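Since the structure comes first, as structure tokens, the remarks are kept for the end.
The values are calculated or read from the model by the stated rules, or taken from the named source; none is laboratory data. Being a predicted model, the structure only gives us computed values, none of them experimental. With ideal geometry, Cβ positions are generated from the backbone for all residues, glycine too; neighbour counts draw on all protein chains shown.
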């Protein structure tokens with residue numbers, strides 16, 4: 001059974017700092033990995049999608065990497081801002097499945 | 001431009017009183033999903049439709065059912081809500097299954113009194 005783990009569960013950093021969020025998964029047979037943002041009481045906003053054949057994706061200040069062989073992904077946020085405060089979830093689509101398997105998220109607080 | 005729309009955003013129902021949550025999409029995607037997310041937990045898939053083909057997760061309670069009358073709309077019916085069913089319900093779509101990105105709606109927060 002695919003398990004997705006995110007470390008740390010919570011993170012507080014001062015504004016302007018670069019930071020890395022970690023995601024690990026137990027089964028490397030995946031179609032893709034997605035990173036989402038969730039604000040309190042809200043739905044999910046897709047940030048980046050990495051296909052299994054790709055190593056990284058970039059969007060603005062965000063960069064996500066994927067190392068399928070080791071079952072790891074990182075989300076790098078450059079020059080963090082208070083508006084980045086949210087919970088960040090990673091999720092994988094296991095080969096042969098249609099649904100996403102989610103991690104429990106990292107709750108990020110960026111202090112002004 | 002809203003692509004995945006959920007109504008209502010907040011729903012309060014009484015214990016045991018049937019409730020229906022609605023999802024619509026403007027993306028013309030083939031696949032629609034319903035996820036349940038309880039407080040501070042990861043979203044968990046309840047079921048999904050691939051076109052008209054309904055796919056239930058093995059551990060989804062019988063209390064939860066779904067309808068997809070056309071490509072654009074999908075409904076989640078909870079026949080007899082219990083206190084444990086209070087959660088955020090998230091609808092998502094994707095163009096096809098497998099390697100395609102999933103797009104989520106804003107969610108419906110269900111409270112059971």
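What the table below lists for this structure:
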read-out: Among the residues listed as A:85, A:80, A:70, the single one being touching a residue at least 60 places away in the same chain (Cβ under 8 Å) and away from chain B (no Cβ under 14 Å); value: A:80
read-out: Failed condition for residue A:47, given (1) surrounded by 15 or more Cβ atoms within 10 Å (Cβ to Cβ); (2) touching a strand residue (DSSP E or B) at 6+ places or on another chain (Cβ under 6 Å); (3) modelled with pLDDT under 95; value: (3)
read-out: Qualifying positions in the range B:14-42 - under 27 Å from residue B:53 (Cβ atoms), free of Cβ contacts under 8 Å to residues at least 60 places away in the same chain and not in a strand (DSSP E or B); value: B:26, B:28, B:42
read-out: Residue selected from the range B:59-91 under the condition within 14 Å of chain A (Cβ to nearest Cβ) and modelled with pLDDT under 95, by the criterion surrounded by the most Cβ atoms within 10 Å (Cβ to Cβ); value: B:60
read-out: Unique match (being out of contact with any strand residue (DSSP E or B) (no Cβ under 7 Å at 6 or more places or on another chain) and under 26 Å from residue B:46 (Cα atoms)) among A:107, A:97; value: A:97
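Residue-wise test of (1) under 27 Å from residue B:108 (Cα atoms); (2) at pLDDT below 90.
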| site | (1), (2) |
| --- | --- |
| A:27 | no, yes |
| A:61 | no, no |
| A:77 | no, no |
| A:83 | yes, no |
| A:88 | yes, no |
